[in-house]
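Some notes on the structure that comes next.
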Amino acid sequence: MSKSRDIADSAATINYIDTVTSNVQDQIDNLDPLPSQTGNNGLFLTTDGTDASWGAAGGSAWEVVEEITASAASTIEIESFTTAYDIYKIFFTFEGSTLYPYPLIRLKVGGAYQTSLYSYLSILLNPNLGTSYSQTRSTSSSRIQPTIDNVTAGDYIWGSFDVGSVNQSGQPNTMSYDINYTLGSVPQRVIGTAQHNSDSALEGIRLYGNGTLTGKVIVLGLKNSAA
């Protein structure tokens, strides 16, 4: 008796067998298996057109680019910009060890941190004083200086910077900031925007202060679609 007689005699079963055109075991052995999943938590299945593999998400994904821990630092320099990211978001938290530990900002362009050609606008939100602002219209400022009240030693200050047009030559180097702190029991917030009048790609950001900076900086990059 042939092996086909061992299979239940039904039209559906026989139809399935009738469609097989080669050795069934060979077909099973040649199926593409998933790549090993060990150690690949959070990755996505991708292919190069021939072989499957695990990889990070494509464009429009935020990634941690750099983490900096500072202790009584006179300056903190962020120079992790690459063409893989078009937009960066920088989070920070500082505790000052001396008076006025708020961050002043300079941008690195053409291999050097620039000491001129800045313009900025800051708005200070203070529940006791109302809203005030500081505006510099000219391009003669030596640095970006957010309008921050007298933060004293030991006070915490935290917030973020958004940096755009990093790799776009021919465009001004632009950034915005959102800074928070507390004076006694009064919360304060500073929001603002600034630029450096340069048409070269941005290479770095220097944070410094009239005092020293102790705290942490985390740099995120928004991956561009081509990376």
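FYI, it's all coordinate maths here, none of it is from the lab. Treat the numbers as computed from the prediction; the structure is a model and nothing was measured. Note: ideal-geometry Cβ built from the backbone for every residue, glycine included; neighbour counts use all protein chains shown.
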At R0 = 41 Å the Cβ-Cβ FRET efficiency linking Asn180 and Thr50, nearest 0.05, sits at 0.20
Between Thr69 and Ser116, what FRET efficiency follows from the Cβ-Cβ distance if R0 is 41 Å, with the result rounded to 0.05? 0.85
What full-extension length gain, to one decimal in nm, is calculated for Thr193 and Leu125 as 0.36 nm per residue of separation minus the Cα-Cα distance? 23.0 nm
Taking the simple approach of a point 7 Å from Cα along Cα-to-Cβ for both Ser140 and Thr214, what is their distance in nm? 3.9 nm
